[in-house]
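Enquirer: Below is a structure I'd like to ask you about.
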Amino acid sequence: MARVAPGEHELRRVIDDDREVDGLGEHELLQLYRSMVLLRTYDERSVVYHRQGRIGTYAIFWNHEAMQAGAVHALEDEDWIFPSYRESAIGLLRGMPAATILHWWRGHPAGWWNPADYNVASICVPIATHVPHAVGLAWGKKLKGESAVSIAFFGDGATSEGAFHEGANFAGVMQAPAILFCNNNHWAISTPLSAQTHAAALVDKAVGYGMPGVRVDGGDVLAVFEATREAAERARSGGGPTFIEAVSYRAAPHATADDPRAYIDLERVEQEKRNECLGRYERYLRRLGLLGDELEAEIKNDAAEAMRAGIAAAEAEPEPDADLLFEHAYVDPPPGMREGSDG
Amino acid sequence: MARVAPGEHELRRVIDDDREVDGLGEHELLQLYRSMVLLRTYDERSVVYHRQGRIGTYAIFWNHEAMQAGAVHALEDEDWIFPSYRESAIGLLRGMPAATILHWWRGHPAGWWNPADYNVASICVPIATHVPHAVGLAWGKKLKGESAVSIAFFGDGATSEGAFHEGANFAGVMQAPAILFCNNNHWAISTPLSAQTHAAALVDKAVGYGMPGVRVDGGDVLAVFEATREAAERARSGGGPTFIEAVSYRAAPHATADDPRAYIDLERVEQEKRNECLGRYERYLRRLGLLGDELEAEIKNDAAEAMRAGIAAAEAEPEPDADLLFEHAYVDPPPGMREGSDG
Amino acid sequence: MAELLMVEAINDAFHVELDRDDSVMVMGEDVGRAGGVFRATAGLRERFGDRRCVDTPLAEAGILGTAVGLCMAGWRPVTEMQYDAFSYPCLDQLITHVGRYHWRTGGGMEFPLVIRMPYGGGVRAPELHDDSPETYYVHTPGVKVAIPSTPADAKGLLAAAIRDPDPVVIFEPKLIYRSERCEVPDGDYVVPLGKARLAREGTDVTLVAYGAMVPLCERAADELEGEASVEVLDLRSLKPLDEAALLASAAKTGRVVIVQEAPRVNGFAGELAAILAEKAILDLRGPVLRVTGYDVPYPYWKIEDTYMPSVERVVGAVRKLLAF
Amino acid sequence: MAELLMVEAINDAFHVELDRDDSVMVMGEDVGRAGGVFRATAGLRERFGDRRCVDTPLAEAGILGTAVGLCMAGWRPVTEMQYDAFSYPCLDQLITHVGRYHWRTGGGMEFPLVIRMPYGGGVRAPELHDDSPETYYVHTPGVKVAIPSTPADAKGLLAAAIRDPDPVVIFEPKLIYRSERCEVPDGDYVVPLGKARLAREGTDVTLVAYGAMVPLCERAADELEGEASVEVLDLRSLKPLDEAALLASAAKTGRVVIVQEAPRVNGFAGELAAILAEKAILDLRGPVLRVTGYDVPYPYWKIEDTYMPSVERVVGAVRKLLAF
Ligand SMILES: Cc1ncc(C[n+]2csc(CCOP(=O)(O)OP(=O)(O)O)c2C)c(N)n1
Ligand SMILES: Cc1ncc(C[n+]2csc(CCOP(=O)(O)OP(=O)(O)O)c2C)c(N)n1
Ligand SMILES: [Mg+2]
Ligand SMILES: [Mg+2]
């Protein structure tokens, strides 16, 4: 009977083990921190903006910042990121203006970007359907002899979809330089992990695709960094894809429209909040003596400022021209495209 | 890094290990033999009938009889079988007339049966799409407090489809009393296993669904029987689903329309033919002293007679009434169903 | 009679039907613990248990595929697709199996399953929460399709679908899920499939619509008050189609405008126009006009109103037709 | 000019296009080692290597989904779906991504991929080898659809599709893959999308068709020789549609019969009839008739001829129209 060797289910950790990660100096550690703060600020402000009616329904990623920042920092600029709605603001880490992402959530066409400008694919709304895209891109780069790697972010729920499976299998067969990054936050809206899979751990799926699987503490930005860097190096050097299960917990509602009190264990949520990823990393940096009150305040101010500027820029944008409806549906549109009113 | 404990990849065997299977007496062993002969005869005659223009394109299952007979004999009559086109004649083992199956391949509506008559679902043509059906049936029986188990037969290629994945995952989550029986004959038409998956073995997929996986010699009818019986017992007693990988080899063309010489290793095919499953079982029965020339001839004659009667009955059937076109599209058809000519 | 929102009427239908027939079960993403993201299935898990109201894994083909097997085990599964555009992964099971399995068994087995989903635009939602996919479903043989436009019809059509021996797909216009409370009959209530509803009588022109386009057409009729006597036909059911009602109204008014929010090309409005071109050619006093979505991806919501058929566009089409 | 079967003409187009542009690649089930189950891709793997002619895993959504990513890496992937009905698993990728990704990037990236598949009935095959799924594709915004009926068009349209900057779906009528050898221009040869072909000129009635229904209409026209002068319009491309050619022919003859083998309800013939009902109402001398498949699962092949539009049914419709 097939089974995974039990030891493999242990989470890789850095912060709680008080380890250090090779090659990460003071500068890099603080850059990581800046990224996490930027994401955290984006997220918290967005919830406020939603309440103020400035943006629409918004998918909260509070306590997911370590996964997003840790993974992105482990990549090269040439590498491609395929986000789900949960990573909507990940482009910030590639220099995308906050206003762009705010526009996306405002339903404004200025929120649609050219992926080639940042090597960040469009936000994928239908679950898991971007996994084959990320694999196709990585495979395509390899076929062209280029060295870029791709990473797809998706949730625990996504692993149930056929699209995940077909993409992961292609990745294995084509030995695509792709990283399948599963954010296992234990919930798919109201559906708990136990109703999503009977596997002992999601990482167990990796073996069925013939690819290495790694299980990492998703609240530990350095562990995520380390695991992703290793996967990216393997991919870039021809070693094929890796499945990363980052174990975390959704300590906020699924989105602004959701009320998790009906289904979630509130005590567990409180416990997770006390151990949330940004605070954990702050305490680590303080233990190393790299972060003090002043620097923390400065970094948080910078992020708050970026968001103030972002929302101001977004709101200064004129309302979109209705004729945009017909822009870009096709490169070379069929003559009937605009028909709809009365022939 | 997750990986399957290496020992698990070994094939379970009975015949080559010269073991015996608990609870299989002389009668049962010969019944198994009769079933294999019946299937073999059906298959070989069908290829001839195709050449004679009596039936259409036909999917050959030569050297797959051990898997089909071994598995079906391990089930109870209440258990449901979900065949693919490769198991088109599996109903024979449940008392379905040969003529019915021949009709299916003749494109005659008399080839469509009521699954409830035999607990054999309709032949599934689109790859892997019947896996969720088998799982849903098993889950539904369990919800009703009934004890029936289901088995779905599918190929190595089928494991790449999203439908396989979604069905298998449901089986795990619902702890459905289902057996996922993968006939790994190493080819999906012209596509070799190595282009289908990067997994070391297909059985490695089981762990990702949190279900037991078994790897068995698909040419060894007794090994298949034993593994399936164990899976059925586990399912019936509430232990949930099992994935069985039966390792075999497609020693014949994919179907009558296929010419494998363009892609297959002909030497390997010859070697597989010499070790084909019916001969292996015959030699085993002879070693046990259960089979002699006379009995073998009698059993083979019976099967040949059944096929002669089957094709005669099929060809005696009148051509179908064209109005059948409109039968059974709906239970309660919409008024416009028959419109098509000119309004 | 209670005054209910559409989504409450649907919930009421569930309570009645699950109580009435214990082979009915509900399954889908978030239908149980959360009671559905629109709360259409609220309270069912508590009342009927987690075996008859099942939170499934996130896998639409798995939901519909296992539902086929559940039918074979004697269940009447009512599946939910969480949103229109998230139903697309189930199309393979729909077309290859759901619509064919009864036929494939020579009529031996029935597949009385229901697929329901919120559909349509105008709700200021992110991408892919706005589609009107009825064409993909109605074109598929073996499958019936209904689309309510009022709370009472939402209840009655769902009940009819659950009791129907064939697979039925119900599209629920999420734009009007909570737009208005209306009287809904208590308890057992069935609106038979295949009967259109004359939402408004008129003599000069017929507006044909379904779902969220029906109240829009009624507003257009209001707008045209004094100018033209407008009939509004709410189809309610696309297959079976109440062709008699369509042809009768066309014969009466001689002028037909069909309103559909789905993209125009090969949408269901085309089928209706084709029926008129075949069977009402001598009754028509002018062209059959279609007011529809466009052959473009459903847009960002800041400009979605430009995509959606509007009162203005419908009124414009009517005026054009009257002036023909 | 060589005399080629349709499937040979397709193979020829592949050789020319892969040679011409080294960003073109071919992918699908059995397209490489076996050269395709119909041998449409024969010889490509040998000539262009296994990186440009790829045997994929058995996974249609994976094929189309990775093709989207390949486009982002600068490739022009030509995907094969092995048969019509086996393309349904790719519909989710088609509708949610293939048709929307260019728009989603604000026009920044192009997705010049091709999906091709053998389609249609009449070939004495088992279940699900006979579908005509064009409606599911043509209704999808952002996607173009072409269907050749001759070997030369099969070559020219495939070349046009490969060079087109938008996603294009090509349905190849397998019934006539090997029915007849015709002259096919050598080398570079493109038939632009959106131009219909007047297969036969006539003055009394127009038969509108595409794919395998075109030769059938020509046979019907032969049958009607002496009785009526029949025009046969081969659309070749469903989107973009040559509406001008359709309206011109309707204006000339005043009588139109549309022939489609897909099930009738909400099929593409309905769209064509709707266009006529909108834009040709003053030209029509009688109803627009549709000769189509029925709203039933494609049948067992012993009786498939009853399902398929026949010369007899087309002739019957024409006579009915002439007598109107
Ligand atoms: C194909 C599809 N089905 C359903 C949905 C609706 N939906 C949006 S988020 C979500 C849950 C996703 O859970 P998970 O994959 O764990 O990601 P998380 O939201 O936890 O990041 C669902 C069901 C969708 N977006 N796409
Ligand atoms: C969804 C789908 N795609 C493609 C096909 C065409 N097809 C028929 S058999 C086959 C190969 C199947 O291989 P495998 O699953 O290994 O089963 P085997 O034929 O070896 O028994 C293919 C691609 C199909 N029937 N269904
Ligand atoms: Mg999750
Ligand atoms: Mg195989």
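Enquirer: Against the condition under 25 Å from A:PRO115 (Cα atoms), more than 15 Å from ligand 1 (Cβ to nearest atom) and either buried (at least 23 other Cβ atoms within 10 Å of the Cβ) or among the aliphatic types (A, V, I, L, M) (or both), how does A:PHE164 come out, does it pass?
Expert: Considered against the rule, which asks whether it is under 25 Å from A:PRO115 (Cα atoms), more than 15 Å from ligand 1 (Cβ to nearest atom) and either buried (at least 23 other Cβ atoms within 10 Å of the Cβ) or among the aliphatic types (A, V, I, L, M) (or both), A:PHE164 comes out as no.
Enquirer: Restricting the search to the range C:42-65, which residues are touching a residue at least 24 places away in the same chain (Cβ under 8 Å) and under 26 Å from C:MET109 (Cα atoms)?
Expert: C:ARG51, C:ARG52, C:CYS53, C:VAL54, C:THR56, C:ALA59, C:GLU60, C:ALA61, C:ILE63, C:LEU64, C:GLY65
Enquirer: Looking at D:VAL291, D:VAL311, can you tell me which residue is in contact (Cβ under 8 Å) with a residue 24 or more places away in the chain and within 11 Å of chain B (Cβ to nearest Cβ)?
Expert: D:VAL291
Enquirer: Sticking with this one: When the range D:90-100 is examined, which residues are found to be in contact (Cβ under 8 Å) with a residue 40 or more places away in the chain and either at the interface with another protein chain (Cβ under 7 Å from one of its Cβ atoms) or over 22 Å from D:MET25 (Cα atoms) (or both)?
Expert: Selection gives D:LEU91, D:ILE95, D:GLY99, D:ARG100.
Enquirer: For the range A:175-214, give me the residue count where each residue is away from ligand 1 (no atom under 16 Å from the Cβ), at the interface with chain B (Cβ under 8 Å from one of its Cβ atoms), in contact (Cβ under 8 Å) with a residue 60 or more places away in the chain and in contact with a strand residue (DSSP E or B) (Cβ under 9 Å, 6 or more places away or on another chain).
Expert: Selection size over the range A:175-214: 5.
Enquirer: I've got another one for you. Exactly one condition in (1) closer than 22 Å to A:TYR33 by Cα; (2) surrounded by fewer than 24 Cβ atoms within 10 Å (Cβ to Cβ); (3) in contact with a strand residue (DSSP E or B) (Cβ under 8 Å, 6 or more places away or on another chain); (4) in contact (Cβ under 8 Å) with a residue 40 or more places away in the chain is false for A:THR228; which is it?
Expert: It is condition (2) that A:THR228 fails.
Enquirer: Tally time: how many residues in the range D:234-250 are surrounded by fewer than 24 Cβ atoms within 10 Å (Cβ to Cβ) and within 14 Å of another protein chain (Cβ to nearest Cβ)?
Expert: Within the range D:234-250, residues that are surrounded by fewer than 24 Cβ atoms within 10 Å (Cβ to Cβ) and within 14 Å of another protein chain (Cβ to nearest Cβ) number 7.
Enquirer: Please verify whether D:GLU243 is more than 28 Å from C:LEU321 (Cβ to Cβ), out of contact with any helix residue (DSSP H, G or I) (no Cβ under 6 Å at 6 or more places or on another chain) and modelled with pLDDT of 95 or more, treating the condition exactly as stated.
Expert: Taking the combined requirement at face value, the residue does not satisfy it.
Enquirer: Take residues that are under 26 Å from D:TYR137 (Cα atoms) and either within 14 Å of chain A (Cβ to nearest Cβ) or small (Gly, Ala, Ser) (or both) and tell me which of the strands (runs of 3 or more DSSP E) falling wholly in the range D:1-83 contain 3 or more.
Expert: Answer list for the range D:1-83: D:24-28, D:53-55, D:76-80.
For (1) within 12 Å of chain B (Cβ to nearest Cβ); (2) part of a helix (DSSP H, G or I), each residue gets a yes or a no:
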residue	(1), (2)
A:ALA134	no, yes
A:TRP139	no, yes
A:ALA148	no, no
A:ALA158	yes, yes
A:ALA163	yes, yes
A:VAL173	yes, yes
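Enquirer: Against the conditions (1) within 14 Å of chain B (Cβ to nearest Cβ); (2) away from ligand 2 (no atom under 16 Å from the Cβ); (3) surrounded by 24 or more Cβ atoms within 10 Å (Cβ to Cβ), where does A:GLY240 fall short? Just the number, please.
Expert: Among (1) within 14 Å of chain B (Cβ to nearest Cβ); (2) away from ligand 2 (no atom under 16 Å from the Cβ); (3) surrounded by 24 or more Cβ atoms within 10 Å (Cβ to Cβ), A:GLY240 violates only (3).
Enquirer: Would you say A:GLY136 is away from ligand 4 (no atom under 16 Å from the Cβ), under 24 Å from B:THR197 (Cβ atoms) and touching a Cys at 6+ places or on another chain (Cβ under 9 Å)?
Expert: Criteria met by A:GLY136.
Enquirer: So which of C:VAL214, C:VAL145, C:VAL208, C:VAL169 is outside any helix (DSSP H, G or I) and away from chain B (no Cβ under 14 Å)?
Expert: Numbers: C:VAL214 fails: outside any helix (DSSP H, G or I); C:VAL145 fails: away from chain B (no Cβ under 14 Å); C:VAL169 fails: away from chain B (no Cβ under 14 Å).
None of the other options fit; the residue is C:VAL208.
Enquirer: A follow-up question, please. I need the full set of residues from the range B:92-118 which are hydrophobic (A, V, I, L, M, F, W, C) and either within 7 Å of another protein chain (Cβ to nearest Cβ) or part of a helix (DSSP H, G or I) (or both), in order please. Before you say what the answer is, go through the steps one by one.
Expert: Applying the first criterion (hydrophobic (A, V, I, L, M, F, W, C)) to the range B:92-118 yields B:92-93, B:96, B:98-99, B:101-102, B:104-105, B:110, B:112-113, B:116.
Selection gives B:LEU92, B:LEU93, B:ALA98, B:ALA99, B:ILE101, B:LEU102, B:TRP104, B:TRP105, B:ALA110, B:TRP112, B:TRP113, B:ALA116.
Residue-by-condition table, conditions (1) of a type in the set (Phe, Trp, Tyr); (2) away from ligand 1 (no atom under 16 Å from the Cβ):
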residue: A:ARG40; (1), (2): no, yes
residue: A:SER46; (1), (2): no, no
residue: A:HIS50; (1), (2): no, yes
residue: A:PHE61; (1), (2): yes, no
residue: A:LEU75; (1), (2): no, yes
residue: A:SER88; (1), (2): no, no
residue: A:MET96; (1), (2): no, yes
residue: A:LEU102; (1), (2): no, yes
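Enquirer: How many residues does the range C:123-139 contain that are among the β-branched types (Val, Ile, Thr) and at the interface with another protein chain (Cβ under 8 Å from one of its Cβ atoms)? Please lay out each step first, then the result.
Expert: Step one: filter the range C:123-139 for residues among the β-branched types (Val, Ile, Thr), giving C:123, C:135, C:138.
From what is left, the residues that are at the interface with another protein chain (Cβ under 8 Å from one of its Cβ atoms) are C:135, C:138.
The number of residues fulfilling the criteria is 2.
Enquirer: Sort out which residues of the range D:102-116 are more than 16 Å from ligand 1 (Cβ to nearest atom) and either touching a helix residue (DSSP H, G or I) at 6+ places or on another chain (Cβ under 8 Å) or free of Cβ contacts under 8 Å to residues at least 24 places away in the same chain (or both), and write them in order of number.
Expert: Listed by number, the residues that qualify are D:THR105, D:GLY106, D:GLY107, D:GLY108, D:MET109, D:GLU110, D:PHE111, D:PRO112, D:LEU113, D:VAL114, D:ILE115, D:ARG116.
Enquirer: If I ask for residues that are without any contact (Cβ under 8 Å) to a residue 60 or more places away in the chain and surrounded by fewer than 23 Cβ atoms within 10 Å (Cβ to Cβ), which ones from the range B:52-75 would you list?
Expert: Of everything in the range B:52-75, those that are without any contact (Cβ under 8 Å) to a residue 60 or more places away in the chain and surrounded by fewer than 23 Cβ atoms within 10 Å (Cβ to Cβ) turn out to be B:GLN52, B:GLY53, B:GLY56.
Rundown of residues vs (1) β-branched (Val, Ile, Thr); (2) in contact with a helix residue (DSSP H, G or I) (Cβ under 6 Å, 6 or more places away or on another chain); (3) away from ligand 2 (no atom under 14 Å from the Cβ), yes/no style:
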residue: B:THR129; (1), (2), (3): yes, yes, no
residue: B:GLY140; (1), (2), (3): no, yes, yes
residue: B:LEU143; (1), (2), (3): no, no, yes
residue: B:ALA148; (1), (2), (3): no, yes, yes
residue: B:GLY167; (1), (2), (3): no, yes, no
residue: B:ALA171; (1), (2), (3): no, yes, yes
residue: B:VAL214; (1), (2), (3): yes, yes, yes
residue: B:GLY218; (1), (2), (3): no, yes, no
residue: B:ARG229; (1), (2), (3): no, no, yes
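Enquirer: Assess whether A:TRP80 counts as being within 16 Å of ligand 1 (Cβ to nearest atom), within 14 Å of another protein chain (Cβ to nearest Cβ) and either crowded, with 24+ Cβ neighbours inside 10 Å or of a type in the set (Asp, Glu) (or both).
Expert: no
Enquirer: Residues that are touching a strand residue (DSSP E or B) at 6+ places or on another chain (Cβ under 6 Å), part of a helix (DSSP H, G or I) and farther than 29 Å from C:TYR307 by Cα: does the range A:51-66 have at least one?
Expert: No - not one qualifying residue is present in the range A:51-66.
Enquirer: Regarding A:THR129, is this residue within 12 Å of chain B (Cβ to nearest Cβ), under 20 Å from D:GLY108 (Cβ atoms) and not in a strand (DSSP E or B)?
Expert: Here the answer is yes, as A:THR129 does meet what is asked.
Enquirer: Moving to a separate point now. Select from the range D:268-288 the residues that are within 12 Å of chain B (Cβ to nearest Cβ) and crowded, with 23+ Cβ neighbours inside 10 Å and list them in ascending order.
Expert: Selection gives D:ALA269, D:GLY270, D:ALA273, D:PRO287, D:VAL288.
Enquirer: Only helices (runs of 4 or more DSSP H) wholly contained in the range A:244-343 count here; list those with 2 or more residues that are within 25 Å of the chain's Cα centre (by Cα), farther than 24 Å from A:VAL48 by Cα and away from chain D (no Cβ under 14 Å).
Expert: A:277-287
The values are calculated or read from the model by the stated rules, or taken from the named source; none is laboratory data. What you see is a predicted model; the values in this text were computed from it and never measured. Methodologically, a virtual Cβ is constructed for each residue, glycine included, from the backbone with ideal geometry; neighbour enumeration extends over all protein chains shown.
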